[in-house]
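The values are calculated or read from the model by the stated rules, or taken from the named source; none is laboratory data. Note that the coordinates shown come from a computational prediction; the quantities given were computed from them, not determined experimentally. Glycine also receives a Cβ, built like all others from the backbone with ideal geometry; neighbour counts cover every protein chain displayed.
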Amino acid sequence: MAEYIKHEHDVLVIGAGGAGLRAAVEASAAGVKVAVITKSLLGKAHTVMAEGGIAAALANVDDRDSWRVHFADTMRGGQYLNNWRMAELHAKEAPECVRELEAWGALFDRTPDGRILQRNFGGHRYPRLAHVGDRTGLEMIRTLQDHGIHLGLDVFMEYTVVTLLKDGDRVVGAFGYDRERGRFHLFQAKAVVLATGGIGRAYKITSNSWEYTGDGLALAYEAGAGLQDMEFVQFHPTGMIWPPSVCGLLVTEGVRGDGGVLRNKEGRRFMFDSIPPLYASQTADNEEEGWRYTQGDKNARRPPELLTRDHVARCIRTEVREGRGSPHGGVFLDIAWIKDRIPNSAEHIKKKLPSMYHQFKQLAGIDITKEPMEVGPTTHYMMGGVRVDAESQMSDVPGLFAAGECAAGLHGANRLGGNSLSDLLVFGKRAGDYAARFAKDHLQGKVNPDELVEAERRALKPFENEGPAPYVIQYALQETMQDLVGIVRQEDEMLQALNTIQEYKKQAENAEVPGHREYNSGWHTALDLQNLIVVSEMITRAALERKESRGAQFRDDYPTKIDAYSGFNIVLSKGPSGDVQLRREPIPPMPDELKQIIQEMK
Ligand SMILES: Cc1cc2nc3c(=O)[nH]c(=O)nc-3n(C[C@H](O)[C@H](O)[C@H](O)COP(=O)(O)OP(=O)(O)OC[C@H]3O[C@@H](n4cnc5c(N)ncnc54)[C@H](O)[C@@H]3O)c2cc1C
């Protein structure tokens, strides 16, 4: 018999980032007993790192904004592969979710007349991001955490879930361990919400923290849920590239929103050289117009530095490959130049971008008020994830919900900056609401003791193994994904990656871990590695299947968008014999009123 400590709740939320906390708050307010589990400490989830802001059509800075424009921007950004119902709900509900956060105590930056200030961001037609300097995620987490604690959530910090448990088709709980002692825990629950964030640690260069190992996606896949849009991994154009110890660390798009420009080693603003037809009518013709846009001129169009992330990242890559890059293999991002336009520009930059100022000063010895930064693309965000129902966020598996970065649908082929934090609020709230309803309609399910024995055996296997260290396999996997399934892809390289991943899978089965169960990071890595391998395989399979370039997926061998690929999402699930099943899921027809919005906004 397995040895474990048992906990019982109505709703179990796995993940304490923005999505998890928002779900937990909603479920708790509905009167059910809620537990939240987090791999790290409360307040340290990845959401805390979010910088630029929350996208919501509050129309405080530009009264032409509305949910309709936000909807059209999100769909265009996602190259129309988005779940249009999610995009509609998101655009309509985000403003109320931001006001709710404010009512719970979030202190946003203000307009001169005291309303929530909004800033420009890539792909958004009007200034739309509610923000707190460049520390918006911190304020969001602080507010949700304070609010949630008052509602009486049970919080399990430094716990990791390794398996979901099922009773027939339905999910009835989860099994995991605590990091401190390595003891096992059974969390029985009537409904489970996955809010485990992204997958960035599958790549070598990433803005993501150690927690982002795709656990929720792998847990859902193993439990029988579909994973959708896995080919769409977002490479943010501006990560730090020097010194090597901080390579990948994010440089917020807010720098470009506030007037920062990209230049190559010749000092040329290369982004003006390549403007995609889909965005031509909305993009500035010249530097002067671009500058006026960043300063709030309603008659100006956005500078090309604020085109979507996929496009900007590829333009940077081209500059570097063609020999016009910066000394350490990136390009220059310059906000210091605004001294020619703004008196007291150094103070202005420090006030608008305090974290960026300190990040470069302390980590790279660069004063961004005086010198340009060196930047390059970094793996940032996963558009793909657990396939969910738009209204309820329930997956294909009854009782299993997903929200936030680990869920798919809202962003389609490419996410707009700022649309993640609003996603967490809108769909975290919905997931919590519907999970609570599900819990009220169902009794606790039965947990199969054999499943627990098997989960315990698998979790302890690395201590019995004789094989490579998990770090070695993880590092090799990250190199493979970076080199062969990265920003630019092609068939032969991805087939090579797929073969290599199968090798890593075998090696990971035998990964050996010395020592005992207390705070053993080697053991934790061995278990996380299994998830990274599942996720890497799914990304590669989906990317091979989509023989075109669209949004975040760019294929050298199919460099254009192909109409035949515009009508479906790729969904992967586990077949009855453990094989990977791939299907092309048709996108349902969009209602006429939404089609009309898109037409009007073209
Ligand atoms: C540097 C940076 C800046 C960003 N800036 C912005 C921005 O300005 N605007 C914007 O919209 N988006 C931004 N993003 C993206 C956005 O921050 C994330 O997409 C979002 O915070 C994800 O939130 P989440 O709640 O889904 O997951 P997270 O906040 O990552 O939370 C995941 C939680 O799940 C837990 N967890 C994971 N696996 C397990 C497991 N097996 N068992 C138990 N717990 C587990 C983790 O410990 C954590 O608590 C930024 C991202 C980065 C990296």
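The residues listed here are W67, W84; of these, the one that is among the aromatic types (F, W, Y) and free of Cβ contacts under 8 Å to residues at least 60 places away in the same chain is W67. Within the bounds of the stretch 29-39, is there any residue that is surrounded by fewer than 24 Cβ atoms within 10 Å (Cβ to Cβ), part of a helix (DSSP H, G or I) and away from the ligand (no atom under 16 Å from the Cβ)? There is at least one residue in the stretch 29-39 that is surrounded by fewer than 24 Cβ atoms within 10 Å (Cβ to Cβ), part of a helix (DSSP H, G or I) and away from the ligand (no atom under 16 Å from the Cβ). Is at least one residue of the stretch 419-439 basic (K, R), within 15 Å of the ligand (Cβ to nearest atom) and farther than 24 Å from V132 by Cα? Yes - at least one qualifying residue is present in the stretch 419-439.
Among the residues making up the stretch 189-213, those that are within 10 Å of the ligand (Cβ to nearest atom) and in a strand (DSSP E or B) are L194, T206. Within the stretch 54-77, being within 16 Å of the ligand (Cβ to nearest atom) and either in a strand (DSSP E or B) or closer than 14 Å to L594 by Cβ (or both) holds for I54, A55, H70, D73, T74. For G173, state whether it is in contact with a strand residue (DSSP E or B) (Cβ under 9 Å, 6 or more places away or on another chain), within 14 Å of the ligand (Cβ to nearest atom) and not in a strand (DSSP E or B). Considered against the rule, which asks whether it is in contact with a strand residue (DSSP E or B) (Cβ under 9 Å, 6 or more places away or on another chain), within 14 Å of the ligand (Cβ to nearest atom) and not in a strand (DSSP E or B), G173 comes out as no. In this structure, does G259 turn out to be in a helix (DSSP H, G or I) and surrounded by 21 or more Cβ atoms within 10 Å (Cβ to Cβ)? Criteria not met by G259. For L186, the requirement of being away from the ligand (no atom under 13 Å from the Cβ) and at pLDDT below 95 is not met. In the stretch 40-50, the residue that is nearest to V251 (Cα to Cα) out of those that are near the ligand (Cβ under 6 Å from one of its atoms) and not in a loop (DSSP other than H, G, I, E, B) is M49.
Residues L443, L400: which one is touching a residue at least 40 places away in the same chain (Cβ under 8 Å), out of contact with any Gly (no Cβ under 7 Å at 6 or more places or on another chain) and away from the ligand (no atom under 16 Å from the Cβ)?
Details: L400 fails: away from the ligand (no atom under 16 Å from the Cβ).
Only one candidate qualifies: L443.
From the list D389, D450, which one is under 23 Å from the mean Cα position of the chain (by Cα), surrounded by fewer than 24 Cβ atoms within 10 Å (Cβ to Cβ) and without any contact (Cβ under 8 Å) to a residue 12 or more places away in the chain? The match here is D389.
Being buried (at least 24 other Cβ atoms within 10 Å of the Cβ) and either in contact (Cβ under 8 Å) with a residue 40 or more places away in the chain or within 16 Å of the ligand (Cβ to nearest atom) (or both) narrows it down to one of L138, L129, L117, L89, so name that one.
On the way: L138 fails: buried (at least 24 other Cβ atoms within 10 Å of the Cβ); L117 fails: buried (at least 24 other Cβ atoms within 10 Å of the Cβ); L89 fails: buried (at least 24 other Cβ atoms within 10 Å of the Cβ).
Exactly one residue qualifies, and that residue is L129.
Scanning the stretch 369-415 for residues that are aliphatic (A, V, I, L, M), in contact with a strand residue (DSSP E or B) (Cβ under 7 Å, 6 or more places away or on another chain) and in a loop (DSSP other than H, G, I, E, B) yields M383, V388, V397, A403, A408, A413.
Take the residues of the stretch 126-149 that are of a type in the set (D, E) and part of a helix (DSSP H, G or I): which is modelled with the lowest pLDDT?
To start, the set of residues in the stretch 126-149 that are of a type in the set (D, E) comprises 134, 139, 146.
When the remaining residues are screened for being part of a helix (DSSP H, G or I), the result is 139, 146.
Details: E139: 96, D146: 93.
Among those that are of a type in the set (D, E) and part of a helix (DSSP H, G or I), it is D146.
Pairing residues of the stretch 576-601 that are over 15 Å from G412 (Cα atoms) with residues that are assigned to a loop (DSSP other than H, G, I, E, B), at Cβ distances under 7 Å and at least 6 apart in sequence or on separate chains, gives Q581/G575.
Residue-level check: of (1) within 30 Å of R317 (Cβ to Cβ); (2) away from the ligand (no atom under 16 Å from the Cβ); (3) surrounded by 23 or more Cβ atoms within 10 Å (Cβ to Cβ), T379 misses just (2).
A count restricted to the stretch 276-299 and to residues that are surrounded by 17 or more Cβ atoms within 10 Å (Cβ to Cβ) and in a loop (DSSP other than H, G, I, E, B) stands at 1. In the stretch 509-533, of all residues being within 16 Å of the ligand (Cβ to nearest atom) and among the hydrophobic types (A, V, I, L, M, F, W, C), the one that is farthest from L217 (Cα to Cα) corresponds to W523. Considering only the stretch 107-125, I want to know if a residue exists there that is within 15 Å of L421 (Cβ to Cβ), of a type outside the set (D, E, K, R) and assigned to a helix (DSSP H, G or I). Checked the stretch 107-125: no residue is within 15 Å of L421 (Cβ to Cβ), of a type outside the set (D, E, K, R) and assigned to a helix (DSSP H, G or I).
Tell me the helices (runs of 4 or more DSSP H) entirely within the stretch 427-511 that contain at least 1 residues that are over 23 Å from T378 (Cα atoms) and in contact with a Pro (Cβ under 6 Å, 6 or more places away or on another chain).
Details: elements: 449-464, 470-484, 491-509.
Passing ranges, in order: 491-509.
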